[in-house]
Amino acid sequence: MRIAIGIIIGLIVAIGLQTGCDFLSSSLFPYAPFDVFDRARAAEVLGNRPAAANALGIIGYLVAAFAGGFAARRISRIGWTAWVPPGFLAFQAAVLALGYSLTGWGQAGAFVAALLGGVIAHNLGPAGNGGAEAEGGEKAADA
C-alpha cells in the first residue's frame, strides 16, 4: 500500500509542478490562442516563443521530475519508485515533442530534463529496502 501511495503522491506532485511551471511560462510569455488540432498554426505559435519560455518549460520538467520522484521514493522507501513520476514526464515530453513543433533543443531538453530529474531524485532520495528500516534498521545495517 505504501508503494501505491508513494507513486500516486509523486505523480500528483510532478504533474502539479509541471503544470504550474507551464502556467508561469504562459503568463510571463503569453502567446496567441490556437486550435490544438491545427498543427501548422501550433508549430508557428509555439516555434516563435522566446527562448526563455522554452527554458522555463525545461526547468519545470527537471524540478517536477525531481520533486515527484523524491516524494515517491521518500514515501514508499523503495528505490525504483523514484523513476515513475520522471518516467511519466519523459513520456509526456516525448508525446508533446512528436505532436507539436517546438524548437529542437526545447523538444529534446524537456525529455532529458525529466530523466535527469529522475536520476537526481533516485540518488538523493532516502536509501532503504522497504520494511527493513521500519522494523529495526540496526539489524539491516549490521547484516
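From Phe88, Phe34, grab the single residue that is of a type outside the set (A, V, I, L, M), out of contact with any Phe, Trp or Tyr (no Cβ under 8 Å at 6 or more places or on another chain) and at pLDDT 90 or above. First the steps, then the outcome.
On the way: Phe34 fails: at pLDDT 90 or above.
It is Phe88.
To keep it simple, each residue is scored yes or no on (1) over 25 Å from Ile7 (Cα atoms); (2) over 16 Å from the mean Cα position of the chain (by Cα); (3) of a type in the set (A, V, I, L, M, F, W, C).
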residue: Cys21; (1), (2), (3): no, no, yes
residue: Arg49; (1), (2), (3): yes, yes, no
residue: Ala55; (1), (2), (3): yes, no, yes
residue: Arg73; (1), (2), (3): no, no, no
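Which condition does Phe34 not pass, out of (1) under 20 Å from Phe111 (Cβ atoms); (2) in contact with a Lys or Arg (Cβ under 8 Å, 6 or more places away or on another chain), if it passes all the others?
(1)
The values are calculated or read from the model by the stated rules, or taken from the named source; none is laboratory data. This one's a predicted model, so the numbers in the text were calculated from it and none came from an experiment. We place every Cβ from the backbone using ideal geometry, glycine too, and count neighbours over all the protein chains shown.
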